[in-house]
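Report on the following structure.
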Amino acid sequence: MEYPYQIKKATFCKYVLCTPNKDIHLNFPQMLELRRKINELTAFNSLTNIINTDNFVLLFIADKQHLLYLDIPQLLKLRDEIMVLFHAPSISYV
């Protein structure tokens with residue numbers, strides 16, 4: 001199963017968030033802000049609140065230029081994508 005939200009590294013400190021409708025270009029500070037928001041939304045208490053109310057979130061990204069609609073599985077998958085991006089091992093030139 002392929003998920004509609006993926007993050008790709010474009011160039012140094014430039015990223016592309018691929019969504020079903022468009023590709024959103026993010027710089028490094030915007031990527032950090034997205035990570036902060038996603039981590040906040042996927043905390044246990046926040047997830048419980050989301051599940052008990054709407055079962056989705058609306059998230060502004062890239063300096064409020066884009067709005068994302070994310071249901072719970074998409075939110076968790078995006079969190080995993082961001083975690084992989086920030087915790088990926090660096091290339092060793094030994």
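Each reported figure results from applying straightforward, stated rules to the coordinates on display, with no laboratory input. Note that the coordinates shown come from a computational prediction; the quantities given were computed from them, not determined experimentally. Reconstructed Cβ throughout: ideal geometry from the backbone, glycine too, with neighbour counts over all protein chains shown.
Quick one: if you stick a label point 7 Å off each Cα along the C-beta vector at residue 65 and residue 6, how many nm between them?
2.2 nm
Please report the relative contact order for the chain, taking Cα pairs under 8 Å with a sequence separation of at least 6, and give it as a percent rounded to a whole number. Before the final figure, lay out each step's value.
Numbers: 97 pairs, mean separation 22.4, N = 94.
Taking the mean separation of contacting Cα pairs over the length of the chain, I get 24 percent.
If the chain between residue 33 and residue 55 were fully stretched, how many nm would it gain, using 0.36 nm times the residue separation less the Cα-Cα distance?
5.7 nm
Give, as a single signed number, the net charge of other residues whose beta carbon lies under 13 Å from the beta carbon of residue 34, with Lys and Arg counted +1 and Asp and Glu -1.
Numbers: positive: 35, 36, 37, 64, 79; negative: 33, 40, 63, 81.
Charge balance near residue 34 sits at +1.
Hey, what's the Kirkwood Rh for the chain if you take every pair of different alpha carbons, in angstrom?
Computed over the chain, the radius equals 14.0 Å.
Between residue 72 and residue 44, what is the spin-label point distance in nm, taking each point 7 Å from the Cα along the Cα→C-beta axis?
Taking the two extended label points, one gets 1.6 nm.
Treat every Asp and Glu Cβ in region 1-56 as -1 and every Lys and Arg Cβ as +1, leave all other atoms uncharged, and give the resulting dipole magnitude about the Cα centre to the nearest 20 debye. Walk me through the intermediate numbers first.
On the way: 7 positive and 5 negative charges, 58 e Å.
Approximately 280 debye in magnitude.
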